[in-house]
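Asks: The structure follows.
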Amino acid sequence: LKALMSFILLVGVANAKHFTRCELARTLQAAGMDGYFKRNTASSYNSQTTTRNSDGSTSYGIFQINNRRWCSSDQVPSYNSCRISCSQLLTDDITADIECAKTIANQQSILFWPGWQANCQARELGQYIAGCEL
């Protein structure tokens, strides 16, 4: 089983790029995400997903990257550790999302994402890339 990025995503918005399960797996593999995490999963595969969090921050894009630490927006003060605007995480081109996810993985690990903890950690997730011919 090839290693790929793993996340559970929340509800998306209309007119967003909706990746198929295998399309996202191949995109992540081509971007060098093998080796960052052990398994792959996603639910909505939506490039324009935003989620308003209880602390007033917002999580953006296919990986739900938070604006308090990782990207900049006018909404809350941010460390902007990925050195990008949060709006860059809402396009059909997920290159910026992937680069920021790599930054997060290098600085913190996959445990940064609550979706991983709640839905993926300690579970067999090979079904999400089964049949994708990776």
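Asks: Could you check the stretch 57-112 and list, in sequence order, the residues that are open to solvent by 80 Å² or more (accessible area, probe 1.4 Å), in contact with a helix residue (DSSP H, G or I) (Cβ under 9 Å, 6 or more places away or on another chain), within 24 Å of residue 30 (Cβ to Cβ) and assigned to a loop (DSSP other than H, G, I, E, B)?
Replies: Across the stretch 57-112, the qualifying residue is only 83.
Asks: Those residues that are open to solvent by 30 Å² or more (accessible area, probe 1.4 Å), closer than 18 Å to residue 126 by Cα and either modelled with pLDDT of 80 or more or hydroxyl-bearing (Ser, Thr, Tyr) (or both), I need them from the stretch 30-43; list them, please.
Replies: Across the stretch 30-43, the qualifying residues are 36, 43.
Asks: Please verify whether residue 50 is open to solvent by 20 Å² or more (accessible area, probe 1.4 Å) and either under 16 Å from residue 84 (Cβ atoms) or modelled with pLDDT of 80 or more (or both), treating the condition exactly as stated.
Replies: Details: open to solvent by 20 Å² or more (accessible area, probe 1.4 Å): yes; either under 16 Å from residue 84 (Cβ atoms) or modelled with pLDDT of 80 or more (or both): yes.
Here the answer is yes, as residue 50 does meet what is asked.
The values are calculated or read from the model by the stated rules, or taken from the named source; none is laboratory data. Every value quoted in this text rests on a predicted model; they were computed, and no experiment measured them. Methodologically, a virtual Cβ is constructed for each residue, glycine included, from the backbone with ideal geometry; neighbour enumeration extends over all protein chains shown. Please note that ligands, DNA and RNA were not included when accessible areas were found on the heavy atoms of the full protein model with its side chains. Shrake-Rupley method; radii C 1.70, N 1.55, O 1.52, S 1.80 Å.
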